[in-house]
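Have a look at the structure below, then the notes.
Just so you know, all these numbers are worked out from the coordinates, no wet-lab data involved. Quantities reported herein were computed from a predicted structural model and do not represent experimental measurements. For neighbour counting, all protein chains shown are included, and Cβ atoms are generated from backbone atoms with ideal geometry for every residue, glycine included.
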């Protein structure tokens, strides 16, 4: 029998483990704040619509891409603003990105967001029926949308009911809904989304100054990856980016919400965390993996690693059968 809908719930103790569970996405998560990671995902998959709720206790940098034939809309709940491509979204906003294009999120502690992924064809078809195809086309390239609070609340209420209430009854007690019920559900989700977007005010594109700050951060990050086998200093990054130390500091604070020193240290530790969890394990010791990222003080590395992730590197290594 054809699968019409799948509802599932996932919990994770590792950032990338959570990222991998979101169906149809390419994602890499870097944990920024210190402490044991705890994340949860509720996901409803229909043939042309995906609805999910993601909750994470730590601040995370997310590199994301949704499938090419879709549109993504994100409704954050947290009071502290989520950043999308370096811009603060705000609690009363909707974030949006087309499929097939890379984008970045920096989510705060206590991150809580509802997401909707809709096939472009279905969204356009329903928009034509509602007479708002022009408004939908105007959203192309938008990142932050300001919508009416009442419409946003109505959309959140429907998404919550699907994932927490109605969804339980439909999928767990009655089995898969039939094709007609699935189609009606999809259309209902998209129509509610379009109603919310009907009175959208699109935030102006990022100012040139914002775009420049984002480019400087990306340039510094790329330089670190290119020279990861040795310790890279802040003065070196400043020289490479052709900016002062003060400017580099301001760019990182504005785009990522942390200093360059803290972020670059976190970036190294997250990269090593991923290597420790690789399958199949490549058999190299922890000290050698740290050395690959320009870290020669293994004792300090172990201390920093445990402070960030709440577990020692050896505890992570045991999950992949690696020691040393």
**Rg to Rh quotient for region 6-202, alpha carbon positions, Kirkwood Rh** = 0.94
**Item:** Spin-label zone in region 18-38 - amide nitrogen under 18 Å from a point set 7 Å from the Cα of residue 77 along the C-beta vector
**Value:** 38
**Request:** Subtract the Cα-Cα distance of residue 38 and residue 211 from 0.36 nm times their separation in residues, and report this length gain in nm to one decimal.
**Result:** 59.1 nm
**Request:** May I ask you to compute the full-extension gain from residue 307 to residue 277, defined as 0.36 nm times their residue separation minus their alpha-carbon distance, rounded to one decimal in nm?
**Result:** 9.0 nm
**Request:** Take 259, 119 and order them by how many other Cβ atoms sit within 10 Å, fewest up front.
**Result:** 259, 119
**Request:** Take region 255-315, drop everything but the C-alpha atoms, weight them equally and run the Debye formula without solvent; then report log10 I(q)/I(0) at 0.14, 0.23, 0.26 Å⁻¹ to two decimals.
**Result:** -0.38, -0.96, -1.18
**Item:** residue 300/residue 218 FRET efficiency (R0 25 Å; Cβ-Cβ; nearest 0.05)
**Value:** 0.35
**Asked** Want the number for residue 88 to residue 184: 0.36 nm per residue separation, take away the alpha-carbon distance, what's left?
**Response** 31.1 nm
**Prompt:** What does the convex hull of the alpha-carbon atoms of region 38-82 project to on average, in nm²?
**Reply:** 3.9
**Between region 192-270 and region 68-101, the alpha-carbon center distance in angstrom** = 17
**Message:** Testing the spin-label approximation: label points 7 Å from Cα along Cα→Cβ at residue 20 and residue 233. State their distance in nm.
**Reply:** 3.9
**Spacing of the two label points (7 Å from each Cα toward its C-beta) at residue 102 and residue 265, in nm** = 2.7
**Request:** Measure off 7 Å from each Cα along the Cα-to-Cβ vector at residue 201 and residue 137, then give the distance between these two points in nanometres to one decimal.
**Result:** 2.5
**Request:** Give the Rg (one decimal place) followed by the Dmax (whole number) of region 208-319, computed from C-alpha coordinates and expressed in Å.
**Result:** 15.3, 47
